[in-house]
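J.: Here it is, the structure in full.
Throughout, read-outs are computed from the coordinates displayed, never taken from laboratory work. Just so it is clear, the structure is predicted and the values come from calculations on it, not from any experiment. Counting neighbours? That spans all protein chains shown, and the Cβs are built from the backbone with ideal geometry, glycine included.
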Amino acid sequence: MRAVTFQAPGEVRVGTVSDPVLREPTDAIVRVTLSAVCGSDLHIYNGRFPRVPPGAILGHEFLGRVEEVGSDVTRVSPGMRVVASFFSWCGTCAACLAGQMSQCQHLETFGFGQLAGAQAERVRVPRADTTLVPVPDALADEAAVMAGDILSTAFFAAERAGIRPGDTVAVVGAGPVGLLAIQCAALYSPVAILALDRVDERLRLAASFGARPVPADADATAAVRSYTAGKGASAVIEAVGSRESLNLAIALAAPFGTVSAAGVFAERDLPVDMARLFNRDLTLRSGLGNVPAVIGRVMALTVAGRLQPQRIVSHRMPLDEAEEAYRRFDRREALKILLMP
Ligand code: NAD
Ligand code: ZN
Ligand code: ZN
């Protein structure tokens, strides 16, 4: 089958690899109809995840049809239209039983060198009964594909930010995750959402979602302070994943505020402004999106039109053009790229 593989920093390749096969009775094989390129794929592309080996199939955001199931799979069957969370989870360990599926003791991610990824024609899905979620007929493919990762991650990050009606929210980074976090934050009736980025076009899109655009330059902190009468934002969602963006998010937070970091951090020794966290009594939260805990609500909100993930799709490209897709997304010439096998 055709698949996108990581080769070296700055280099992905579309080529022919062997088809996946059922390995466990709890596996399913899904024929991918749509996959997406995520900011997390860019971390791999930029060499930030050295544990992803050359040759690994990339991709963890996907939608498809179940093609084949193992003998122990009972909840999904061939032909079903399904989306997967970007990680496989067991449903029976202590973390899963506590609803903390993103901390599953058997968690395996797609496309990061653990499980083969889904920027491919087919993908093997372990623990299919828990990992795969049937997609309601009313939900279009282009919206549903984001429910398995960035839409649910953005929703989880907004929930974790503890936004209350009347709060001012700041979102650092207006890429796909940040833009969806703006949509999710709006569900809590904040008085304003401030969107920070360095890319004008992304700030414009943030404004079209009702956010107030703030250039993420040297004056950003002062701009947010002045907008909030010196107080800062009660809830800050970080959606970049860098030292700079995390410390900017911390700098923007009001006393007793929460910084909810959706960005992926791979560094063990990333310096954070601990003095500010202490002085302002801030809460800092970070982690994988707990997709299985929220995906049902996220899909319902999308069907109802309250969330509109399809509005961030900028490109639809054949899987065979994935090399160009990665280049464009990396250069921020594309916002959200969907790949069609
Ligand atoms: P992206 O790279 O397209 O978006 C990042 C945006 O941040 C860009 O628009 C960029 O211009 C902007 N930016 C960069 N530095 C900035 C700064 N200092 N201040 C303000 N803006 C800045 O990627 P994305 O797809 O939106 O993903 C964002 C992050 O979310 C990535 O780190 C990705 O790995 C992460 N992510 C995490 C999870 C999770 O489970 N926690 C899931 C999906 C994605
Ligand atoms: Zn992702
Ligand atoms: Zn588990």
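J.: Can you give me the number of residues within the range 45-79 that are within 14 Å of ligand 1 (Cβ to nearest atom), aliphatic (A, V, I, L, M) and surrounded by fewer than 24 Cβ atoms within 10 Å (Cβ to Cβ)?
T.: Total satisfying the criteria: 1.
J.: Can you tell me how many residues in the range 97-114 are within 17 Å of Asp27 (Cα to Cα) and more than 15 Å from ligand 3 (Cβ to nearest atom)?
T.: Within the range 97-114, residues that are within 17 Å of Asp27 (Cα to Cα) and more than 15 Å from ligand 3 (Cβ to nearest atom) number 2.
J.: Of all the helices (runs of 4 or more DSSP H) wholly in the range 123-191, which have at least 2 residues that are surrounded by 22 or more Cβ atoms within 10 Å (Cβ to Cβ) and in contact with a strand residue (DSSP E or B) (Cβ under 6 Å, 6 or more places away or on another chain)?
T.: Details: elements: 128-131, 141-147, 150-160, 176-186.
By residue number, 128-131, 141-147, 176-186.
J.: Cβ-Cβ below 8 Å, separation at least six or inter-chain, first residue in the range 70-97 and at positive phi, second in a loop (DSSP other than H, G, I, E, B) and away from ligand 1 (no atom under 16 Å from the Cβ): which pairs?
T.: Gly91/Arg127
J.: Another question about this same structure. Could you tell me whether Ala300 is of a type in the set (Gly, Ala, Ser) and closer than 26 Å to Val4 by Cα? Talk me through it step by step, then tell me what you get.
T.: Values: of a type in the set (Gly, Ala, Ser): yes; closer than 26 Å to Val4 by Cα: no.
It is false that Ala300 is of a type in the set (Gly, Ala, Ser) and closer than 26 Å to Val4 by Cα.
J.: Could you list all residues from the range 228-249 that are crowded, with 22+ Cβ neighbours inside 10 Å, within 15 Å of Phe265 (Cβ to Cβ) and over 19 Å from the mean Cα position of the chain (by Cα)?
T.: Matches in the range 228-249: Leu248 only.
J.: Another question, then. Would you mind telling me which numbered condition in (1) buried (at least 16 other Cβ atoms within 10 Å of the Cβ); (2) outside any loop (DSSP other than H, G, I, E, B); (3) touching a residue at least 40 places away in the same chain (Cβ under 8 Å) Asp320 fails?
T.: (1)
J.: How about the range 65-88: which of its residues are hydrophobic (A, V, I, L, M, F, W, C) and not in a strand (DSSP E or B)? Give the derivation first.
T.: Applying the first criterion (hydrophobic (A, V, I, L, M, F, W, C)) to the range 65-88 yields 66, 69, 73, 76, 80, 82-84, 86-87.
Across the range 65-88, the qualifying residues are Val73, Val76, Met80, Phe86.
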